Amino acid sequence: MADKKLTNNNVKYEQFKEILQKYDTKIFNLLLSLTGSTEEAKDLTQETFIKTFKKFRLFQKKSQPYTWLYRIAINSWKNKIRYDKRRGIPWQESIDTPQLSSEQPLISQFKDTATSYPEQIAQSEETRNYIRKFILSLSPKYRIPVTLYIKGFSYEEIAHIIKRRLGTVKSLIFRAKTMLKDKIIEYLK
């Protein structure tokens, strides 16, 4: 009986290890997008996987592991916001905040790099920084769904991750896009 339990624990540990290896970078990038701070993202990623490890035996596989992990990560971030707010700790944007599209080199965003001018590249980077700062200024209500949307999740996946109805998710993302559009128009004036 003890051998069976030990084998079962080893299997669960191996499953957890696979999930950790597959999703650690994705969870970190999500939290980096939400927090704007490398250090906070590292701390919250670690917290997410500690919680995941503790609760892994409860994972019922009714959903995909990534939706479960993203939900844990988002809840960890929300808890941090609440904790900081209760203690009167103001949110400050980190100096090490990455570009919004850090996965894609800036130069590759231009169709014909031979005809791109440094002024165009600088302006594009400045615009992306403005957009990134605007997204970081959104309340969690909008920041979470729009960040997941930017990360490439479908409306259905976002609804499942944040446990909201599909129509609500579409509405939140639409409102965030509208606010962003208004801010960009104001910025360009």
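Test N79 against the stated conditions and say whether it is polar (S, T, N, Q), at pLDDT below 90 and surrounded by 11 or more Cβ atoms within 10 Å (Cβ to Cβ). The answer is no for N79. Of all residues in segment 161-189, those being more than 17 Å from F134 (Cβ to Cβ), touching a residue at least 12 places away in the same chain (Cβ under 8 Å) and not in a loop (DSSP other than H, G, I, E, B) number 4.
Within the option set I158, I144, being buried (at least 18 other Cβ atoms within 10 Å of the Cβ) and free of Cβ contacts under 8 Å to residues at least 40 places away in the same chain holds for one residue only, I158.
The values are calculated or read from the model by the stated rules, or taken from the named source; none is laboratory data. Given the structure is predicted, the values throughout are model-derived calculations rather than measurements. Virtual Cβ from ideal backbone geometry, glycine too; neighbours counted across all protein chains shown.
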